[in-house]
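The block underneath contains the structure these notes are about, expressed in structure tokens.
The values are calculated or read from the model by the stated rules, or taken from the named source; none is laboratory data. Keep in mind the model is a prediction, meaning the values are calculated, not measured. Using ideal geometry, Cβ is built from the backbone for each residue, glycine included, and neighbour counts are taken over all protein chains shown. Please note that ligands, DNA and RNA were not included when accessible areas were found on the heavy atoms of the full protein model with its side chains. Shrake-Rupley method; radii C 1.70, N 1.55, O 1.52, S 1.80 Å.
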Amino acid sequence: MKKLISLLICLCMSGVAFSQTQVIAHRGFHAKGNSYDNTISSLKNAQELGVYGSEVDIHETSDGVLIAIHGMSHRDIKNVQKATFEQIRNLPLTNGETVPTLDEYLEQAKKSKTTKLIIEIKSHPTPEQELRVVKNILNAVKSYKLRKRVEYIAFSKYVCDALVEYAPKRTQIAYLNGDLTPAQCHELGYTGIDYNVNVLKAHPEWIEQCHNLGMKVNVWTVNDTATLQWFIDKGVDYITTDNPLEANRLLGK
Ligand code: MG
């Protein structure tokens, strides 16, 4: 017993962290089977794998429907934010699934008590629209009673600022754009940074700075074994990956 206590004291004094890096499936676990990114099946796959989070991208259509889709284009539609929901819904994805609504996504999210939904709120052309999108997403999440199981990320500083203002206290809000220091993000009320792999490779000191400020660090999108291991060794809180199986393997899960 004495030896065990001594070992624990040594580990604490040497700064060894007990918290382990968590895995977030980028746009869901879409690499499995016949899935496709941002679909209900990709979310289901992430839930079945039991990862910490499943990320999803949310846009607003021209008629005000919140949908889960990554890019601006979909099949022959060049800008999903300028198309109606019906136009988008009528064009299935290549795996046969249709583009889901946020409501459908939340319905599926509710089925897992362990896998959180990491909602990326996409940038929209005006601050007024971004504010409406933020408020509508917060209301939808509230109506599904998922406030404690949803976290938010955004490239738009305006979206992050609106989240700080309108989301419930203790909501996790991370900035994606990579151009603010941890201290600047902290000052703005963000709870974390979620930066591109190259930004954090250039500024590895930001990881410790975040932790000293009580903030979380997420990195995207890390898929190869060597880089996954590099960020695990650096002690980031979350790795967003298209390859959750390899991340889990490296973490001994
Ligand atoms: Mg995204």
Inset, instruction - For each pair in LYS157/LYS253; LYS145/LYS169; LYS111/LYS169; LYS116/LYS142, compute the distance between the two Cα atoms and list the pairs where it is over 26 Å. - result: LYS157/LYS253
Inset, instruction - For GLN20 paired with ILE232, estimate the spin-label separation in nm (one decimal), with each label point 7 Å from Cα along the Cα-to-Cβ line. - result: 0.9 nm
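Find how much the distance from ASN136 to LEU213 grows on full extension, using 0.36 nm per residue of separation minus their present alpha carbon separation; answer in nm with one decimal.
24.7 nm
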Inset, instruction - Calculate, for LEU188 and LYS110, the FRET efficiency according to 1/(1 + (r/R0)^6) with r their C-beta to C-beta distance and R0 30 Å; round to the nearest 0.05. - result: 0.45
Legend entry - Extension reserve of the ARG249-ALA202 stretch, reckoned as 0.36 nm per residue once the Cα distance is removed: 14.3 nm
Legend entry - Surface share of carbon and sulfur [accessible, 1.4 angstrom probe, percent] for the stretch 20-250: 49 percent
Legend entry - Cα-projected label distance for SER143 with TYR158, points at 7 Å along beta-carbon direction, nm: 2.5 nm
Inset, instruction - Quickly work out the ASP63-to-LYS82 label distance, labels modelled 7 Å from Cα along the C-beta direction, and quote it in nm with one decimal. - result: 1.9 nm
